[in-house]
Amino acid sequence: MAEKRKPDVITPQELYQSRRKFLKTSLTYSSAAALLAACQPATLTPTPPAGTPSSMSDELGNPTTSEEDITGFTNYYEFSSNKKQPTELAADFVTQPWTVQIGGLVKKPQEILVSDLKQQFNLIDRIYRMRCVEAWSMVIPWSGILLKDLLDAVQPTTAAKYIRFEGTFDPDQMPGQNYSTYPWPYVEGLRLDEAMHDLTLLATGIYGKDLAPQNGAPIRLVVPWKYGFKSIKAIKKIDLVEEMPTSFWMALSSREYGFYANVNPNVPHPRWSQASEQRIGETGRRDTLLFNGYDEVANLYTGMDLSVDF
Ligand code: MTE
């Protein structure tokens with residue numbers, strides 16, 4: 001690989017430690033490097049591309065990140081751990097037709113086409129900050145539906161306590177899934193009350209267009225007060241369950257990536273501080289806000305020790 005890259009901060013320590021063995025046993029050097037190394041957060045385009053409305057900002061007055069940066073700098077391990085590669089590698093990823101199965105502890109399980117889902121439910125626009133666990137952030141203008149609306153339609157039973165989301169498994173189209181180093185498919189989870197919160201979206205678009213493949217087309221989760229890894233891309237299955245699901249990153253390193261993953265400047269990641277972040281497109285760093293600035297979710301965690309349930 002011509003470009004010299006620094007280690008990817010989201011890659012768990014265990015993976016680094018097993019790297020030598022891993023290199024000998026599973027992969028050639030270049031393919032291993034592609035999985036285990038990626039770009040550090042970088043300042044990309046400082047100004048929005050032509051045609052981007054310049055007045056768009058979040059409720060705190062932060063301007064939206066340029067479409068070019070949102071679509072050009074992505075985390076999508078099914079394609080690559082290098083943040084610039086998914087744009088090209090996912091370009092031909094087939095996202096239509098696409099069905100999502102919703103089942104488990106519900107009274108009305110459904111299998112629904114994303115195209116129907118967009119007709120059936122109220123499509124809304126929301127500008128949210130997204131804070132990656134790696135300490136970079138963006139401000140993204142999403143469109144999508146409230147997850148709550150879909151959950152109301154399938155009617156969770158009283159036994160349902162959590163939601164388990166499963167991404168697609170398609171190694172023919174997703175080169176990263178040919179490496180068994182990762183516990184594919186990508187899985188995430190939320191507590192039912194988090195999933196029902198008015199901020200929680202199932203997103204289908206950015207900047208008024210359908211999601212680009214590298215951003216998780218055709219449908220992904222967006223939970224703005226949690227680290228970005230909770231916002232699972234290319235969802236195929238949503239199950240209401242009784243027990244807390246084990247997420248992809250928990251399975252890799254539960255010490256580093258907890259179930260709750262609420263943005264919290266006071267709880268450092270074992271390998272770096274979470275006190276500040278780099279907003280892509282800006283120079284310098286800014287303070288990270290508790291719950292990423294979405295104080296209205298604080299009451300979901302009353303009585304919990306957020307350094308234990310991190
Ligand atoms: N979903 C899937 N299926 N695969 C992934 O690798 N990466 C996560 C999350 N969702 C990821 C995923 C991480 S680490 C982040 S920060 C966000 O997606 C990034 O979203 P973006 O690439 O659209 O900015």
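The values are calculated or read from the model by the stated rules, or taken from the named source; none is laboratory data. What you see is a predicted model, and the numbers here were worked out from it, not measured in a lab. Neighbour counts run over all protein chains shown; Cβ positions are idealised from the backbone, glycine included. Protein only, heavy atoms only, side chains kept; ligands, DNA and RNA dropped before computing areas. Shrake-Rupley method; radii C 1.70, N 1.55, O 1.52, S 1.80 Å.
Along segment 245-259 the Karplus relation, 6.51 cos²θ - 1.76 cosθ + 1.60 evaluated at θ = phi - 60°, assigns HN-Hα couplings of x, 8, 7, 3, 6, 4, 4, 7, 6, 5, 5, 9, 10, x, 5 Hz to successive residues, with x for each Gly and Pro.
When Lys and Arg each count +1 and Asp and Glu each count -1, what net charge do the other residues less than 12 Å away from Arg279, Cβ to Cβ, add up to? Before the final figure, lay out each step's value.
Working: positive: Arg129, Arg131, Arg285, Arg286; negative: Asp58, Asp69, Glu277, Glu282, Asp287.
Net charge around Arg279: -1.
Scanning residues 5 or more positions from Ile232 or on other chains, those with amide H under 5 Å from its amide H are Leu221, with H placed 1.01 Å from N in the peptide plane. At most 14 other Cβ atoms within 10 Å and a DSSP loop assignment: could you name the trypsin sites (Lys or Arg not before Pro) in segment 214-280 that fit? Of the trypsin sites (Lys or Arg not before Pro), the ones in loops of segment 214-280 whose Cβ has at most 14 other Cβ atoms within 10 Å are Arg255, Arg271.
In segment 164-253, the portion of solvent-accessible area held by carbon and sulfur atoms comes to 49 percent [1.4 Å probe, whole percent, DNA, RNA and ligands not counted].
Just to confirm a number: summing +1 for Lys and Arg and -1 for Asp and Glu over residues other than Arg164 whose beta-carbon lies under 10 angstrom from that of Arg164, what do you get?
Net charge around Arg164: -3.
Ser307 contributes about 70 Å² of solvent-accessible surface, heavy atoms of the protein only, 1.4 Å probe.
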